[in-house]
Structure formats: C-alpha cells, structure tokens
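What follows is a set of notes on a single structure, which appears directly below.
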Amino acid sequence: MQVSPSLLAADFGRLDSEIDMLNSSQADMVHLDVMDGVFVPNISFGFPVLNAVGRRSEKPLDVHLMIVEPQKYISKVRDCGAAIMNVHQEACVHLDRTINEIKQAGMKAAVTLNPSTPVAMLEDVIGELDMVLLMSVNPGFGGQKFIMNTLQKVKRLRDLIEASGSHAKIEVDGGVNEHTGRLLAEAGADILVAGSYVFAAENPHEAISRLRNL
C-alpha cells in the first residue's frame, strides 16, 4: 500500500518541519488539496504555498485541485513541481482534453470522483488515466467520517480498470485510518490519502508505516 499524507491537516505554523518529517518518513508522496471556495465550501491554499512545498519536499507532489476550471492552471501546477495533477470529473466540461493536456505538460493525469458520482462516468477515459481518486467524504473539509459505500465503489472501479486493461491506480481520500485503510486495501485500493490520522498522531512516522503495511 502506498501512502500520500494530506498536508491540509499539517500545522501551517511550522510547515517546514512538517515537510521535513514527511521527507524522512516512508510516505510515497505528498497530497496537496487546493480549494477555491466555489467548487467546494472552503478555501485552503494556492500557488505560493505549492511552490514553497515543491522547493522543500523530497517526495513527489500529488496535487488535487478542488476548483472550477482546473484546466486553466495546468502549467502553473507543473511549474510548482507536481508529479501528479488531479482534477474533478464534475469540474471538467472537456475531461478528455484536460487529461491529455496534463500528460502533455509532463505530469501524470488523475481524475477525482465525488461520493455521489458513479464510477461509470470514467468508462470512456479510464485507459488514459494514471490514477483515479475516490472521495470517501464530501470534499471541502478535513476530519470527516468515512463513507462506507466507498468500499463497494473501489470494487466497481477495480472491475472497470481490469476490464479495460487500464493501468490506473486507485487512490482514496477521506476518513482514512488504520481500520478503514485495511478495509480499503481488501477492496482493492492502491494509495491511501491520510491527513488527521498522520499529522495528529503521537508518532507520524509510525502512523505512515502502519498504513503502508496494510
């Protein structure tokens, strides 16, 4: 299991130390949630923070844009050092075009589905994707309760990936801890995004290690 700790749950008063902690951990990447207050009911951080994290992080950046018109920012996401650019299916009118532009910019392309969006919405693009992120909470806030239906959704997505011959990885974000992480691993998830479980832990390194060993 791979782990992508969500920086949204970090202490932004000591962000450099938090990133250094991740650099020395077994984390596979760093998850960055960009919120605009329009697509989701909250505002997080923008490109000045992304650029600062990119300069200090030794882990690949997994950038998740919870914003309207994410296609406008492909070059800026690339320039901050992102390895993966993740856009919401619900925010992209021309999803196929956006996926291809992300890949042309040199990043891996990922698409996120909200809890109410069916996996079937990706049938015609799954072969182009490097990763699919399933939200296991409604996006916009950290610390929410895990939606149990996500387990069945992971299984449906795994079936779609295997039937299509896609190599896309399955990532899950929201309410992830050791218990829900184990259930997700059994359902077929590849990558766990964890915020509070990591950054609120007494020993974040051990928390990350526990998830990786599921």
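The values are calculated or read from the model by the stated rules, or taken from the named source; none is laboratory data. Predicted, not measured: the structure shown is a model, and the values here were computed from it. Glycine gets a Cβ as well: all are built from the backbone with ideal geometry, and neighbour counts include every protein chain shown.
Working only within segment 97-136, note down all residues that are among the small types (Gly, Ala, Ser) and either under 19 Å from Val68 (Cα atoms) or more than 17 Å from the chain's Cα centre (by Cα) (or both). Break it down stepwise before answering.
Here is the first cut: in segment 97-136, the ones among the small types (Gly, Ala, Ser) are 105-106, 109-110, 116, 120, 127, 136.
Matches in segment 97-136: Ala105, Gly106, Ala109, Ala110, Ser116, Ala120, Gly127.
Quick test for you: out of Met107, Met66, pick the one residue that is among the hydrophobic types (A, V, I, L, M, F, W, C), modelled with pLDDT of 95 or more, surrounded by 15 or more Cβ atoms within 10 Å (Cβ to Cβ) and over 30 Å from Met148 (Cα atoms).
Going through Met107, Met66 in turn, the sole match is Met107.
Name, by its number, the condition in (1) out of contact with any Asp or Glu (no Cβ under 9 Å at 6 or more places or on another chain); (2) surrounded by fewer than 17 Cβ atoms within 10 Å (Cβ to Cβ) that does not hold for Val87.
Only one criterion is unmet by Val87, namely (2).
Kindly state which helices (runs of 4 or more DSSP H) lie completely within segment 1-93 and contain at least 3 residues that are within 23 Å of Ile191 (Cα to Cα) and among the aliphatic types (A, V, I, L, M).
So the answer is 15-23.
What is the residue count in segment 187-211 for residues that are within 13 Å of Val154 (Cβ to Cβ) and in contact with a helix residue (DSSP H, G or I) (Cβ under 8 Å, 6 or more places away or on another chain)?
Here the count works out to 4.
For Asp173, indicate whether it is touching a strand residue (DSSP E or B) at 6+ places or on another chain (Cβ under 6 Å) and surrounded by fewer than 22 Cβ atoms within 10 Å (Cβ to Cβ).
Values: touching a strand residue (DSSP E or B) at 6+ places or on another chain (Cβ under 6 Å): yes; surrounded by fewer than 22 Cβ atoms within 10 Å (Cβ to Cβ): no.
Against the criterion (touching a strand residue (DSSP E or B) at 6+ places or on another chain (Cβ under 6 Å) and surrounded by fewer than 22 Cβ atoms within 10 Å (Cβ to Cβ)), Asp173 does not qualify.
Can you go through Ser4, Ser25 and tell me which one is in contact with a helix residue (DSSP H, G or I) (Cβ under 9 Å, 6 or more places away or on another chain) and among the hydroxyl-bearing types (Ser, Thr, Tyr)?
Values: Ser4 fails: in contact with a helix residue (DSSP H, G or I) (Cβ under 9 Å, 6 or more places away or on another chain).
Sole residue among the options that is in contact with a helix residue (DSSP H, G or I) (Cβ under 9 Å, 6 or more places away or on another chain) and among the hydroxyl-bearing types (Ser, Thr, Tyr): Ser25.
What pairs come up if the first residue lies in segment 124-135 and is part of a loop (DSSP other than H, G, I, E, B), the second is polar (S, T, N, Q), and their beta carbons are under 9 Å apart, counting only those six or more places apart or on different chains?
Val125/Gln89; Leu129/Ser166
Yes/no matrix, rows are residues, columns are (1) under 14 Å from the mean Cα position of the chain (by Cα); (2) closer than 30 Å to Arg210 by Cα; (3) in contact (Cβ under 8 Å) with a residue 24 or more places away in the chain:
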{"position": "Ser25", "(1), (2), (3)": "no, yes, yes"}
{"position": "Val30", "(1), (2), (3)": "yes, yes, yes"}
{"position": "Asp33", "(1), (2), (3)": "yes, yes, yes"}
{"position": "Val38", "(1), (2), (3)": "no, no, yes"}
{"position": "Arg78", "(1), (2), (3)": "no, no, yes"}
{"position": "Ala91", "(1), (2), (3)": "no, no, yes"}
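Residue by residue through segment 94-123, note down the ones that are out of contact with any strand residue (DSSP E or B) (no Cβ under 7 Å at 6 or more places or on another chain) and part of a loop (DSSP other than H, G, I, E, B).
Passing the criteria: His94, Ala105, Gly106, Ser116, Thr117, Pro118, Glu123.
Which residue is nearest to Thr150 (Cα to Cα), if the candidates are limited to segment 189-214 and must be in contact with an Asp or Glu (Cβ under 9 Å, 6 or more places away or on another chain) and not in a helix (DSSP H, G or I)?
That would be Ala189.
Go through segment 27-45 residue by residue and tally those that are out of contact with any strand residue (DSSP E or B) (no Cβ under 6 Å at 6 or more places or on another chain) and surrounded by 15 or more Cβ atoms within 10 Å (Cβ to Cβ). Reasoning before the result, please.
Initial filter on segment 27-45 (out of contact with any strand residue (DSSP E or B) (no Cβ under 6 Å at 6 or more places or on another chain)): 36, 38, 41, 45.
Filter once more, keeping what is surrounded by 15 or more Cβ atoms within 10 Å (Cβ to Cβ): 36, 45.
Number of matching residues: 2.
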